[in-house]
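Student: Got a structure here, written out as structure tokens. Questions coming.
The values are calculated or read from the model by the stated rules, or taken from the named source; none is laboratory data. Just so you know, these numbers come straight off a predicted model, no measurement behind them. We place every Cβ from the backbone using ideal geometry, glycine too, and count neighbours over all the protein chains shown. The accessibility values were calculated without ligands, DNA or RNA, using every heavy atom of the protein model including side chains. Shrake-Rupley method; radii C 1.70, N 1.55, O 1.52, S 1.80 Å.
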Amino acid sequence: MEQKPSLRERLREKYYINPLDLANAGESNRLILLIANHILFAFGSIDLLVLLILHYSDLKNYIISITYFCIYVLMSIFVYCYSYKVKDSPREKAYIKKTIPVYILIIILQFAALYNFYILQQPFNGFITYCLTGFISLCLFTLPPFPFLGILIFPIALMAPGIFKNFGLSGLADAILCPVLMYCLALYKRRTEKKQILFLKKQKQNLEAKTFGNFTLIYENKVIKFSRTKSNELMGYLVYKRGSSVNTKELISVLWGDRADSARYGSSFRNLIVDIKHSLADLEIQNFFIAEYNNFRINPEVIKCDYYDFLSGDSTAINSYAGEFMSQFSWAEEIAGFLEMKALKK
């Protein structure tokens, strides 16, 4: 008789995603976090400054609040610096490293909820902060459901006695319902993400980048042709960057030279972005070219590429390299030399 899979095995089958498949989501987490962190740093700094100005003659009575805001600001700085440090992490570890600061930020905000609830004696504001943190995190970030549940349980457990005292049994029941609802939404979102990844893996069988010799993008055995010449070069550079985000300034410098500036070439650059988006959309290619917050990248997990195979040590790719890498682009000459040296060492 065939043994039924355990609950753990069934949950893993439905909701587990290999961190490598989430590398692209990790980069999205990092970029969103940088923007959110700027806002929270400004909020914490202003609050601290106002507190010091208004109560400078009686600071000893506000030592807890001052300590809280100092920690808040310092942790915001740490999250910002760490997020930049892990920008070019190896893709095998990218999702984990780029999502760690997201957890730190969520924990900071949960402590903000507790601060409002108990220190400022504002239980309603504290609970609303808790709920907003959870639901906004669900909307903005890609997070594994089970660690997310742990982050949800801790603050609500600490607030439970105060919620019961201030809002009664029905209020406590509503408070317990919120993390349960957030967890169910996290499971649903993770299931949807897994289905999307499976779809993109099928797409990968038809999407290929050839970089040895001239750069060529191929979909369903046909060369992808863009309306603008520079569009192909822009895509070539992003393929070379292997999923790392590149901002507008760097791309303009690559395409038009080191002295090119965004003010002069900004319109031309935007036309390239529109051209690429339209060309890929016409072919129904999904989640390959990604534009987020003035940063651009490709998702390496949805494309076959001889360059990626070479770097992974694939013998066929190494043997097929003949000394040319994206030959039509001047910026690729140094990379070709690097690959030749690497091939000789094999």
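Student: Rounded to the nearest 0.05, what FRET efficiency is calculated for Leu344 and Gln203 with R0 set to 45 Å and r the Cβ-Cβ distance? Before the final figure, lay out each step's value.
Tutor: Details: r = 35 Å, r/R0 = 0.78.
Approximately 0.80, to the nearest 0.05.
Student: Oh, and also: Quote the convex hull volume per residue of the range 305-346, based on C-alpha atoms, as a whole number of Å³.
Tutor: Numbers: hull volume 2.6 nm³, N = 42.
Expressed per residue, the convex hull around the Cα atoms of the range 305-346 is 63 Å³.
Student: Find the Rg to Rh ratio for the chain, where Rh is the Kirkwood radius over alpha-carbon pairs and Rg uses the same atoms. List each step's numbers first, then the result.
Tutor: On the way: Rg = 24.7 Å, Rh = 23.3 Å.
Rounded to two decimals, Rg over Rh is 1.06.
Student: Treat the range 54-135 as a sphere of radius equal to its Kirkwood radius over Cα pairs and apply Stokes-Einstein at 4 °C in a medium of 1.567 mPa s; give the translational diffusion coefficient in µm²/s, rounded to a whole number. Walk me through the numbers before you get to the answer.
Tutor: Values: Rh = 14.5 Å.
Diffusion coefficient, whole number: 89 µm²/s.
Student: If you don't mind, there's one more thing I want to ask. How much of the accessible area of the range 133-175, in percent, comes from carbon and sulfur atoms when a 1.4 Å probe is used? Walk me through the intermediate numbers first.
Tutor: On the way: 1640 of 2130 Å².
Carbon-and-sulfur percentage of accessible area, whole number: 77.
Student: Then there's this: Send over a whole-number figure in Å² for the accessible area per residue of the chain, probe 1.4 Å. Walk me through the intermediate numbers first.
Tutor: Values: 19440 Å² over 346 residues.
Here the per-residue accessible area is 56 Å².
Student: Considering only protein heavy atoms and a probe of 1.4 Å, how much of the accessible area of the range 35-123 is carbon and sulfur, as a whole percent? Don't jump to the answer; show the numbers that get you there.
Tutor: On the way: 3800 of 5180 Å².
Roughly 73 percent of what the probe reaches on the range 35-123 is carbon or sulfur.
Student: Amide H neighbours of Lys304 under 5 Å, at least 5 residues apart or on other chains, H built in the peptide plane: list them.
Tutor: Long-range HN contacts for Lys304: Leu207, Glu208, Ala209.
Student: Next question. When the helix-only estimate is applied to the chain (DSSP H runs of n ≥ 4, each -39,500 (n - 2.57), divided by the residue count), what is the mean residue ellipticity at 222 nm, nearest 500 deg cm²/dmol? Kindly include the intermediate steps, with their values, before the conclusion.
Tutor: On the way: 12 runs with 234 residues, N = 346.
Theoretical 222 nm ellipticity from helices: -23000 deg cm²/dmol.
Student: Full-extension gain between Ile218 and Lys277, please, as 0.36 nm times their residue separation minus the C-alpha to C-alpha distance. Write down the numbers at each step before the final one.
Tutor: Numbers: separation 59, 0.36 × 59 = 21.24 nm, distance 1.56 nm.
The Ile218-Lys277 span can extend by a further 19.7 nm.
Student: Relative to the longest principal Cα axis of the chain, at what angle does helix 333-345 sit, 0 to 90 degrees, rounded to 10?
Tutor: That works out to roughly 90 degrees.
Student: Quick one: compute the contact order of the range 47-135, relative version, from alpha carbon pairs under 8 angstrom and 6+ residues apart, as a percent. Working shown, then result.
Tutor: Numbers: 50 pairs, mean separation 16.0, N = 89.
With pairs under 8 Å counted, the relative contact order is 18 percent.
Student: Next up: May I ask for the angle, rounded to the nearest 10°, between helix 91-114 and the longest principal axis of the chain, with both axes built from Cα atoms and the value confined to 0 to 90°?
Tutor: Compared with the principal axis, the helix lies near 20 degrees.
Student: Pop out the ³J(HN,Hα) list for the range 119-132 in order, Karplus 6.51 cos²θ - 1.76 cosθ + 1.60 with θ = phi - 60°, rounded to Hz; leave Gly and Pro as x.
Tutor: Karplus values, whole Hz, x for Gly and Pro: 6, 7, 6, 10, x, 5, 4, x, 5, 4, 4, 4, 5, 4.
Student: Rank Ala175, Ala94, Ala263 by mean-square fluctuation in a GNM of the chain with C-alpha springs under 10 angstrom and give only the top-ranked residue.
Tutor: Greatest mean-square fluctuation among the candidates belongs to Ala263.
Student: Given 0.36 nm per residue, what is the gain on full extension from Leu169 to Asp88 after removing their alpha carbon distance, in nm?
Tutor: Numbers: separation 81, 0.36 × 81 = 29.16 nm, distance 4.94 nm.
Result for the pair: 24.2 nm of gain on full extension.
Student: Report the relative contact order of the chain, percent, no decimals, based on alpha-carbon pairs under 8 angstrom and at least 6 residues apart.
Tutor: Working: 360 pairs, mean separation 55.1, N = 346.
That works out to 16 percent.
Student: In the range 220-275, what percent of the accessible surface is made up of carbon and sulfur (1.4 Å probe, ligands and nucleic acids excluded)? Provide the component values of the computation, followed by the final result.
Tutor: Details: 1270 of 3210 Å².
Of all accessible area on the range 220-275, carbon and sulfur atoms account for 39 percent.
Student: Here's a follow-up. Kindly write out, for the range 271-279 in residue order, the coupling ³J(HN,Hα) from the Karplus curve 6.51 cos²θ - 1.76 cosθ + 1.60 (θ = phi - 60°), rounded to whole Hz, with x marking Gly and Pro.
Tutor: 5, 5, 4, 4, 4, 5, 4, 5, 5
Student: Report the normalised scattering of the range 137-183 as log10 I(q)/I(0) at q = 0.19, 0.21, 0.22 Å⁻¹, calculated by the Debye formula with identical scatterers on the alpha carbons.
Tutor: The Cα Debye sum returns log10 ratios of -0.62, -0.71, -0.75.
Student: Radius of gyration and Dmax for the range 146-276's Cα atoms, expressed in Å?
Tutor: 24.8, 72
Student: Of all DSSP beta bridges located in the chain, what percent are antiparallel, nearest 5?
Tutor: Counting DSSP beta bridges with both partners in the chain, the antiparallel share is about 85 percent.
Student: Determine one quarter of the surface area of the Cα convex hull of the range 188-346, which equals its mean projected area, and express it in nm² to one decimal. All intermediate terms of the calculation are to be shown ahead of the outcome.
Tutor: On the way: hull surface 41.1 nm².
Averaging across all directions leaves 10.3 nm² for the Cα convex hull.
Student: Which whole-Hz ³J(HN,Hα) couplings does the range 12-23 yield from phi under the Karplus relation 6.51 cos²θ - 1.76 cosθ + 1.60, θ = phi - 60°, glycine and proline marked x?
Tutor: Coupling constants for the range 12-23: 5, 5, 7, 10, 7, 10, 4, x, 5, 6, 9, 4 Hz.
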